[in-house]
Amino acid sequence: MKFCSDCAHPVVLTVPEGDNRPRFVCNNCHAIHYQNPKMVIGSLPVWERDGEFKILLCKRAIEPRYGYWTLPAGFMENAETTAEAAIRETEEEAGANIAIGPLFSLLNVAHVHQVHLFYLARLLDLDFAAGIESLEVELFSEEDIPWDDLAFPTIRTTLELFFADRVAQRETGAPFGFHAQDIVRPMLAPREPD
C-alpha cells in the first residue's frame, strides 16, 4: 500500500501506538489501514444416484494454476454469507445447481494470508457447464480424480478428508465430520507444457 484510501496521502509502515504489528498508517488523516486474510469459499459438489458416486471438479481457466483441477471456489464478497459465497462460486465456475450442506473443512493457509472453507453440497441435476473461469467441468469417481493435477493443497486435503470420512461412514455409519487444519505444504511445481 502506498497511498491512504481515505485521503490519498502517502502511508508509512509502522507499529501504531497500542498495537503489536506493523500497519500502514496515514500521517495526514491518521487512518490505520489493517490488512486481513482473504476468505476463499467453495463447495464439494457430490452426485450420488443409483449407486453412482462422483465429485464435480473444474479445470481452471485463470492463473494461478491455469489448467489444473479444483473444487468450485473463490474469494468471498462483501455482504454475503459463507454459504451464499459457496453457492455463488459453484454457479459461476461450474454452472451447477446445488443444495448446500454443512461446513466440511476450514483450512488455514497462513503463508498466503488466506482461510479456505468448503461446504458439502449435493448436485441437484447434471445441468452444469464451464463458467468463464473454467476450461471444463467434469464429474469424477474417486479412482479417476486427477490427483497429480489438483490446483492447490487445500483441494487435495479436502478431497482426502472427504473420502476418508466416506469410508468411515460406510463402515460404521458415522456422519461426515468437520475438519480444521493448517496447510503448510507448498503447491506442486507446475508441470511442463506438452
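The values are calculated or read from the model by the stated rules, or taken from the named source; none is laboratory data. Just so you know, these numbers come straight off a predicted model, no measurement behind them. Here the Cβ is made from the backbone with ideal geometry for all residues, glycine too, and neighbour counts use every protein chain on show.
Selection of region 13-29 for residues being within 32 Å of the chain's Cα centre (by Cα) and either exposed (fewer than 13 other Cβ atoms within 10 Å of the Cβ) or not in a strand (DSSP E or B) (or both) yields L13, V15, D19, N20, R21, P22. So for region 123-135 (the condition being surrounded by fewer than 19 Cβ atoms within 10 Å (Cβ to Cβ), hydrophobic (A, V, I, L, M, F, W, C) and in a strand (DSSP E or B)), does at least one residue qualify? Checking region 123-135: at least one residue is surrounded by fewer than 19 Cβ atoms within 10 Å (Cβ to Cβ), hydrophobic (A, V, I, L, M, F, W, C) and in a strand (DSSP E or B). The number of residues in region 54-86 that are of a type outside the set (S, T, N, Q) and out of contact with any strand residue (DSSP E or B) (no Cβ under 7 Å at 6 or more places or on another chain) comes to 8. In the set (1) on the phi > 0 side of the Ramachandran plot; (2) modelled with pLDDT of 95 or more, Y66 fails one condition alone, (1). For region 32-42, the candidate set comprises residues that are surrounded by 16 or more Cβ atoms within 10 Å (Cβ to Cβ) and of a type in the set (A, V, I, L, M); within that set, the residue that is farthest from E80 (Cα to Cα) is V40. Would it be correct to say that A174 is free of Cβ contacts under 8 Å to residues at least 24 places away in the same chain and either closer than 17 Å to M39 by Cα or hydrophobic (A, V, I, L, M, F, W, C) (or both)? Yes: the conditions hold for A174.
Taken over region 139-154, the residue count meeting the criterion of being assigned to a loop (DSSP other than H, G, I, E, B) and under 18 Å from the mean Cα position of the chain (by Cα) is 4. For region 155-187, give me each residue that is out of contact with any strand residue (DSSP E or B) (no Cβ under 7 Å at 6 or more places or on another chain) and either among the β-branched types (V, I, T) or assigned to a loop (DSSP other than H, G, I, E, B) (or both). Across region 155-187, the qualifying residues are V167, T172, G173, A174, P175, G177, V184, R185, P186, M187. Note on region 30-51: among residues that are free of Cβ contacts under 8 Å to residues at least 60 places away in the same chain and in a strand (DSSP E or B), the one that is farthest from L161 (Cα to Cα) is I32.
Please enumerate the residues belonging to region 24-70 that are touching a Lys or Arg at 6+ places or on another chain (Cβ under 7 Å) and of a type outside the set (A, V, I, L, M, F, W, C). Residues satisfying the conditions are H33, Y34, Y66, G67, Y68, T70. For region 61-100, filtered to residues that are touching a Ser or Thr at 6+ places or on another chain (Cβ under 9 Å) and in a loop (DSSP other than H, G, I, E, B), the residue that is surrounded by the most Cβ atoms within 10 Å (Cβ to Cβ) is P72.
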